[in-house]
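Student: Encoded as structure tokens, here's the structure I'll be asking about.
The values are calculated or read from the model by the stated rules, or taken from the named source; none is laboratory data. All figures in this text were calculated on a predicted structure; none of them were measured in a lab. Cβ placement follows ideal geometry from the backbone for every residue including glycine, while neighbour counts extend to all protein chains displayed. Note: accessible area is taken over every heavy atom of the protein model, side chains too, but ligands, DNA and RNA are not part of it. Shrake-Rupley method; radii C 1.70, N 1.55, O 1.52, S 1.80 Å.
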Amino acid sequence: MRLKICMLIFLFILSGCNIESEETNVPPENLEPTSIKLTPIDLFDGEAGKFKNFLGSMSGGIKLEYEGSKPNASLDIDIWENGKKVDTAGSIGDLFYSLDEQKRSNEVEIIISIDTVNFEGQNEYSIIKVNKVRNSGSSLSTVTLPWNKELTLRGVLQHTEPHSFSVELPVNVFGMQATRSNQISTADLSEESLAETEWALVFTLRFDD
């Protein structure tokens, strides 16, 4: 009789452990894997070409769409010198934030314009404008940086084709390179290519938990 009782107790404990293990392995609700699709935007296509003089040649745009759980994404403006990141000039946080959660969209357009201005009697400055456009409206951010006059030649760094990526690592989405020489090398937004640049302004998408 004691043997039967002991076996029943043992089976009860064993079944309890199995239930606890199964409950522990249940994935959290509403935490779907997130992926993001980046699509380049031609700002000056067709009749929009009339705005090029206002935005300048160092301009571009991208559309970001996410699938899965809403990511907490920010856009950092990183400064690179001699192939290495040396500073961050600013950051635009929570790109997918919406005041009206009922009308929340899973996409956002980012329009970027970089221009150099010369104030009389002062140094030159780079004016960086970042406009975030969503279904709930738009918001414009402006960053001003001192500009090195020796960097006389500039070129845009941008994606030419749509592509998708996960939110595990930062992603370079737009940029501008500059050099003191009269020749500029063809470059893209990969880390290997940026390592060959003399100076670059890189817009980097980063994700927080």
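Student: Go through K50/K84; K50/K70; K37/K149; K50/K85; K50/K132 and tell me which ones have a Cα-Cα distance over 32 Å in this structure.
Tutor: Distance filter (> 32 Å) returns K50/K84; K50/K70; K37/K149; K50/K85.
Student: For region 106-209, what is the charge dipole size about the Cα centre, in debye to the nearest 20, if Lys and Arg each add +1 at the Cβ and Asp and Glu each add -1 at the Cβ?
Tutor: On the way: 7 positive and 15 negative charges, 81 e Å.
Dipole of region 106-209, to the nearest 20 debye: 400 debye.
Student: Quick check for you: with a 1.4 Å probe and neighbouring chains kept, what is the accessible area per residue of region 112-209, in Å²?
Tutor: On a per-residue basis, region 112-209 sits at 58 Å².
Student: Once neighbouring chains are kept in place and the probe is 1.4 Å, which whole percent of the accessible area of region 41-152 is contributed by carbon and sulfur?
Tutor: It is 44 percent, rounded to a whole number.
Student: Would you mind counting up the charge near D87? Only other residues with Cβ under 10 Å from its Cβ, with Lys and Arg at +1 and Asp and Glu at -1.
Tutor: Every neighbour counted, the sum reads -1.
Student: Okay, moving on. Sort 187-193, 201-207 for me by packing, meaning the mean count of neighbouring Cβ atoms within 10 Å per residue, highest on top.
Tutor: For the peptides 187-193, 201-207, the packing ranking is 201-207, 187-193.
Student: May I pose another question? Taking Cα pairs under 8 Å and at least six residues apart, what relative contact order does region 42-91 come out at, in percent? Mind dumping the intermediate values first?
Tutor: Numbers: 31 pairs, mean separation 11.2, N = 50.
It rounds to 22 percent for region 42-91.
Student: Based on the mean of other Cβ atoms within 10 Å per residue, sort peptides 74-81, 136-143 so the most packed one is first.
Tutor: My ranking of the peptides, most packed first, is 74-81, 136-143.
Student: Using 5 Å bins from zero, what percent of all Cα-Cα pairs in region 136-180 falls into each bin?
Tutor: Percent of Cα pairs in each bin: 5, 12, 15, 18, 19, 18, 10, 4, 0.
Student: Let me ask you something else. Counting only protein heavy atoms and a 1.4 Å probe, tell me what percentage of region 155-209's accessible area is made up of carbon and sulfur. Let's see the in-between values first.
Tutor: On the way: 1360 of 3080 Å².
Result for region 155-209: 44 percent of the exposed heavy-atom area is carbon or sulfur.
Student: Further question: Can you find, among P146, S91, V117, the residue farthest towards the positive end of the dipole of region 73-197? Put +1 on the C-beta of Lys and Arg, -1 on that of Asp and Glu.
Tutor: V117
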